[in-house]
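Down below is the structure, laid out as structure tokens.
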Amino acid sequence: MSKIVDANKKIEKAVVGGYKKIEDTVVGGYQKIEDKFVDTFLKEDDETIEEAKKRLQQEQHKYSKITQEIQDEIK
């Protein structure tokens with residue numbers, strides 16, 4: 001029974017490790033594309049990419065709040 005448990009642990013580590021490598025690669029690639037898009041199209045003068053992302057997040061929150069208020073009024 002112990003050999004089966006040990007074998008399953010090895011398989012688990014290999015599968016989880018492989019998945020984690022793929023996840024890190026995909027997320028890293030997405031972040032590079034996102035940063036380039038923000039830098040090219042959304043960044044304002046003298047603003048870093050991080051500052052632009054933060055500003056965009058705040059604007060999105062603001063517009064989401066306004067949209068919710070409008071939806072509440074319609075009801």
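List of remarks:
- For the listed peptides 26-35, 51-60, a ranking on the average number of other beta carbons within 10 Å per residue, highest first, reads 51-60, 26-35.
- When the C-alpha to C-alpha distance is required to be over 31 Å, the pairs from 21/54; 43/65; 20/62; 10/54; 32/65; 20/53 that qualify are 20/62; 10/54.
- For the chain, modelled as a GNM whose springs connect Cα atoms under 10 angstrom apart, the maximal fluctuation among 22, 49, 11 occurs at 11.
- Dipole axis of the stretch 2-74 (+1 Lys, Arg; -1 Asp, Glu on Cβ), positive-most option in 66, 49, 33: 33
- Crossing angle, helix 49-74 versus the chain [Cα axis fit, 0-90 degrees, rounded to tens]: 70 degrees
- The stretch between residue 67 and residue 40 holds 6.9 nm of extra length on full extension. This uses 0.36 nm per residue minus the Cα-Cα distance.
- Size estimate for the stretch 2-74 follows the Kirkwood approach: the inverse of mean 1/r over distinct Cα pairs works out to 16.2 Å.
All of the numbers you see were taken from the coordinates with simple rules; none came from a lab. Note that the structure is a prediction, hence the values are computed from the model and not measured. For neighbour counting, all protein chains shown are included, and Cβ atoms are generated from backbone atoms with ideal geometry for every residue, glycine included.
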